[in-house]
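Reading through the structure tokens given below for one structure.
The values are calculated or read from the model by the stated rules, or taken from the named source; none is laboratory data. What you see is a predicted model; the values in this text were computed from it and never measured. Don't worry about glycine lacking a Cβ; one is built from the backbone with ideal geometry, like all the others, and counts go over all protein chains shown. Side chains are part of the model used for accessible areas, which takes the heavy atoms of the whole protein and leaves out ligands, DNA and RNA. Shrake-Rupley method; radii C 1.70, N 1.55, O 1.52, S 1.80 Å.
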Amino acid sequence: MGAQLRVYKRRIKSVTATKKITKAMEMIAASRIVKAQRQVAASTPYATELTRAVTAVATGSTTKHPLTTEAEAPTRAAVLLITSDRGLAGGYSSNAIKAAERLTERLRGEGKEVDTYIVGRKGVAYYGFRERKVTDSWSGFTDSPTYADAKQVAAPLIAAVQQDTAEGGVDELHIVFTEFVSMLTQTPVQHRLLPLSLTQTSAAAAAGAAEESATKGEILPLFDFEPSAEDVLDALLPRYVESRIYNALLQAAASKHAATRRAMKSATDNAGDLIKSLSRLANAARQAEITQEISEIVGGASALADATAGSEN
């Protein structure tokens, strides 16, 4: 019994230490979420307005730019997958990877070759373990990405879109990341960044502009481009891709911290339940040990009394 009690005490001590670690990680993740949310809120308006500006240039001119013109028969697509550098975040990275797998299968079903680009060690490890080809990868900044990191990721993707498919270029650029909806909800999503889809964006922009103009009694403007619409698109579209990737990196970081907080809270709660269970088992073992000792003492006293009575006779 004594050995069993020592085992329970060692396990309680070990689980208690683990609980302290998971609680600390939960608090750290909670503090990082606030910063990540602020960065997402700060970057979203810029990305949105930049998208509107690109849309205005594209719809306000007759120039066929390679970054806004649909290929007649697209044969190659690039997929950027954003995962995490670290684990302990529940199904955060695996859910994003599954979304990328579904997108890849759909694109291949359409007859397109897929070039995969990955951000985060978890995604790189997943594809590396399965010996799947990865065109390029980045890691080391998923917890706290900067705009410089987004530019680093965007550069080869923009170059691939601008390059002819016969020379290794792509016709489309897709991105898969985890969108931060709330502290409890983070959803893997996929968007096509390039070519820029002008149908919905231009319709929304036109509707918004018409409504605003009707309210203010203004006439919708005509655009003049200097030095040319193509040069303006050349300057704006790389910024558009960088801003969208930066916003996706920030949303993914906020989602990862939220997933870590939720996972660590669950681990802390489970550790508390396990400590209670082990404590009950330890108390039961201790009680059994005390009962056995009392039984041995009573038995010894009874045997001594019987021996004494026998000697007197």
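What are the residues in the stretch 35-44 that are open to solvent by less than 70 Å² (accessible area, probe 1.4 Å) and either within 23 Å of residue 266 (Cβ to Cβ) or not β-branched (Val, Ile, Thr) (or both), if any?
Residues of the stretch 35-44 open to solvent by less than 70 Å² (accessible area, probe 1.4 Å): 36, 39-41, 43-44.
Of everything in the stretch 35-44, those that are open to solvent by less than 70 Å² (accessible area, probe 1.4 Å) and either within 23 Å of residue 266 (Cβ to Cβ) or not β-branched (Val, Ile, Thr) (or both) turn out to be 36, 39, 41, 43.
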When you look at residue 210, is it within 45 Å of the chain's Cα centre (by Cα), at pLDDT 80 or above and not charged (D, E, K, R), yes or no?
no
Residues of the stretch 8-20 satisfying the condition of being open to solvent by less than 100 Å² (accessible area, probe 1.4 Å) and either farther than 28 Å from residue 263 by Cα or in contact (Cβ under 8 Å) with a residue 40 or more places away in the chain (or both)
8, 12, 15, 16, 18, 19
Of the numbered conditions (1) part of a helix (DSSP H, G or I); (2) over 30 Å from residue 20 (Cα atoms), residue 226 satisfies every one except a single condition; which is it?
(1)
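Which of the residues belonging to the stretch 140-173 are open to solvent by 60 Å² or more (accessible area, probe 1.4 Å) and in contact with a strand residue (DSSP E or B) (Cβ under 9 Å, 6 or more places away or on another chain)?
First, the residues of the stretch 140-173 that are open to solvent by 60 Å² or more (accessible area, probe 1.4 Å): 144, 146-148, 151-152, 162-164, 166-167.
The answer is 152, and nothing else.
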Could you list, in sequence order, all residues of the stretch 69-86 that are over 28 Å from residue 168 (Cα atoms) and either open to solvent by 30 Å² or more (accessible area, probe 1.4 Å) or free of Cβ contacts under 8 Å to residues at least 12 places away in the same chain (or both)?
86
Considering residues that are surrounded by fewer than 22 Cβ atoms within 10 Å (Cβ to Cβ) and either among the hydroxyl-bearing types (Ser, Thr, Tyr) or under 30 Å from residue 58 (Cβ atoms) (or both), the number found within the stretch 248-280 is 4
